[in-house]
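Reading through the structure tokens given below for one structure.
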Amino acid sequence: MGDVSKVPYAEPNAWQGFKSPYSTESHLKFRATVRRLLDGLMSEARQYEDTGERPSDAFVQKLGAYGLLAVNLGPGPWLASFVLLGGIQPAE
């Protein structure tokens, strides 16, 4: 999962090194950080998917500790002091 696919149009052009008005360097850093993180969680997540079991509280807490749950929050004052994955500031 960690590498960008070489299949044409499989991923956004900016991720393949082309210029895009919609993607910034922080987007690329965020994507790379999330992919690296998910590579480490993949086997445990797949286990929950295959068995149909609810993810354990410990697994959900891991997601929260890594900041993956906070990225689901909309913009607002609650994110003022939070730095998202890849060092992204909430204003971005």
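The values are calculated or read from the model by the stated rules, or taken from the named source; none is laboratory data. Quantities reported herein were computed from a predicted structural model and do not represent experimental measurements. A quick note on method: Cβ atoms are made from the backbone with ideal geometry, for glycine too, and the neighbour counts reach across all protein chains shown.
A few remarks follow.
- Enumeration of residues in the range 10-62 that are surrounded by 10 or more Cβ atoms within 10 Å (Cβ to Cβ), within 18 Å of residue 86 (Cβ to Cβ) and hydroxyl-bearing (Ser, Thr, Tyr): 20, 23, 24, 26, 33
- Residue check for residue 91: of a type in the set (A, V, I, L, M) and part of a helix (DSSP H, G or I): no
For every residue, the table says whether it meets (1) of a type in the set (S, T, N, Q); (2) modelled with pLDDT of 95 or more; (3) over 16 Å from the mean Cα position of the chain (by Cα).
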position: 33; (1), (2), (3): yes, no, no
position: 38; (1), (2), (3): no, no, no
position: 66; (1), (2), (3): no, no, no
position: 72; (1), (2), (3): yes, no, no
position: 78; (1), (2), (3): no, no, yes
position: 86; (1), (2), (3): no, no, no
